[in-house]
Amino acid sequence: MRAISPLIAAVIPIGLVFGAVAVTKGLSPVETALMSALVFAGGSQFVAMDIWTHPASWTSVGFAALLVNIRHVLMSASLGTKMQAFGGRRRYFACLFLADEIWAMAEFRAGLARLTPAWFAGLAAPFYLAWVLSGLAGATLGAFLGDPVALGLDFAFPAVFIVLVMGFWKGPETGAVLIASGAAAVATQHFVPGVWYVAAGAVAGLLAAVASGSRRVEVTQ
Amino acid sequence: MTVDFSTLVAIIAMAAVTVLTRLSGLVLMWHVSLEGSRRKAIESIPPAVLMAVVAPTAFATGIAETIACALTAIAALRLPMLFSVALGVFCVALLRAAGI
């Protein structure tokens, strides 16, 4: 419970903002809650709102979600190696709830203690409920929340990601990854329309890690 | 309180690809062993992806966002997540109100 309370407090304003943004794009509160409940991936939901059209284009939002969420492949691959206490089916079920924050907390926990299904459920269930309900509340109360941009609430989501980035710092190698990723993302976003910048930045960061890793191998040999 | 058909299809498409990405990592691990440098490369993915997501906000949106991102990053070194995020939001609201 102590692990999850700051995450809940951070996700509620983000959920409220998502709901408020979604109604301005023409989604009903039910549709907003449905998206939060089924997709449960804040980043791709915000990106979808960014490019939302009427009628909705399932190909463009589906492809955007794939680009934004492709990182989950690596997140579940990484966490999967730390889920020995989970039975086969439970492992797959747990991974359905791999939002960034849940994943980051679970990775952190795995460094301290054996990851158990009960601990994971205690982390994921309240977070899931908070995300869906705050999205619904934001969509219902949207007009009363005031301008989210003036309140700075749209910034809560990038701020959470910045805090998570800082948590992954492991030395100069991480610096190289961040510089490569950031530069590639900004350049791609400037020249290429759409959300390709996420994939471009991720690939650039990965290449930087491989390059700095192989250079160190050469030095030690 | 209605659900539009094309909206429903779009939501299901998003949900389907998200589920696919969340489960394919587990399936992948049945076939790939993570040793040495490959493991290091995989470990670099989370910061690489998160950075790619926030970089346009941090460096190419406005001065208020850039300053608030820097402040949030510095705060994250010492403070818990909630305080760092609140500080960043407060900072960006203040700077926008000041017209920066």
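The values are calculated or read from the model by the stated rules, or taken from the named source; none is laboratory data. Every value quoted in this text rests on a predicted model; they were computed, and no experiment measured them. Cβ: placed from backbone, ideal geometry, glycine included. Neighbour counts: every protein chain shown. We work out accessible area using only protein heavy atoms, side chains counted, and drop any ligands, DNA or RNA first. Shrake-Rupley method; radii C 1.70, N 1.55, O 1.52, S 1.80 Å.
Can you tell me which residues in the stretch A:56-65 are in a helix (DSSP H, G or I), facing another protein chain (nearest Cβ under 7 Å) and surrounded by 20 or more Cβ atoms within 10 Å (Cβ to Cβ)? Break it down stepwise before answering.
Within the stretch A:56-65, the first condition is being in a helix (DSSP H, G or I), and the residues that meet it are A:58-65.
Checking which are facing another protein chain (nearest Cβ under 7 Å) leaves us with A:58, A:61-62, A:65.
Once the filter is applied, which keeps residues that are in a helix (DSSP H, G or I), facing another protein chain (nearest Cβ under 7 Å) and surrounded by 20 or more Cβ atoms within 10 Å (Cβ to Cβ), the stretch A:56-65 yields A:Val61, A:Gly62, A:Ala65.
Please find, among B:Leu79, B:Leu28, B:Leu8, B:Leu34, the residue that is among the hydrophobic types (A, V, I, L, M, F, W, C) and modelled with pLDDT of 90 or more. Lay out the reasoning, then the answer.
Working: B:Leu79 fails: modelled with pLDDT of 90 or more; B:Leu28 fails: modelled with pLDDT of 90 or more; B:Leu34 fails: modelled with pLDDT of 90 or more.
Of B:Leu79, B:Leu28, B:Leu8, B:Leu34, the one residue that is among the hydrophobic types (A, V, I, L, M, F, W, C) and modelled with pLDDT of 90 or more is B:Leu8.
Is one or more of the residues making up the stretch B:22-37 within 9 Å of chain A (Cβ to nearest Cβ), crowded, with 24+ Cβ neighbours inside 10 Å and under 15 Å from the mean Cα position of the chain (by Cα)?
no
Can you name every residue in the stretch B:1-16 that is open to solvent by 30 Å² or more (accessible area, probe 1.4 Å) and either assigned to a helix (DSSP H, G or I) or polar (S, T, N, Q) (or both)?
B:Thr2, B:Phe5, B:Leu8, B:Val9, B:Ile12, B:Ala16
Cβ-Cβ under 6 Å, sequence separation 6+ or interchain: first residue in the stretch B:7-34 and not assigned by the TED database to the domain that holds B:Pro46, partner surrounded by 16 or more Cβ atoms within 10 Å (Cβ to Cβ) and of a type in the set (S, T, N, Q). Which pairs?
If the second residue must be surrounded by 16 or more Cβ atoms within 10 Å (Cβ to Cβ) and of a type in the set (S, T, N, Q), the pairs left are B:Thr18/A:Asn69; B:Thr21/A:Asn69; B:Arg22/A:Ser76; B:Gly25/A:Ser76; B:Leu26/A:Ser76.
Is it the case, given these coordinates, that B:Arg96 is at pLDDT 90 or above, surrounded by fewer than 24 Cβ atoms within 10 Å (Cβ to Cβ) and within 7 Å of chain A (Cβ to nearest Cβ)?
The answer is yes for B:Arg96.
Can we say B:Ala73 is within 14 Å of the chain's Cα centre (by Cα), facing chain A (nearest Cβ under 7 Å) and farther than 26 Å from A:Ala65 by Cα?
Yes.
Can you confirm whether the stretch A:114-125 contains a residue that is in contact with a helix residue (DSSP H, G or I) (Cβ under 9 Å, 6 or more places away or on another chain) and not in a helix (DSSP H, G or I)?
Yes, the stretch A:114-125 contains a residue that is in contact with a helix residue (DSSP H, G or I) (Cβ under 9 Å, 6 or more places away or on another chain) and not in a helix (DSSP H, G or I).
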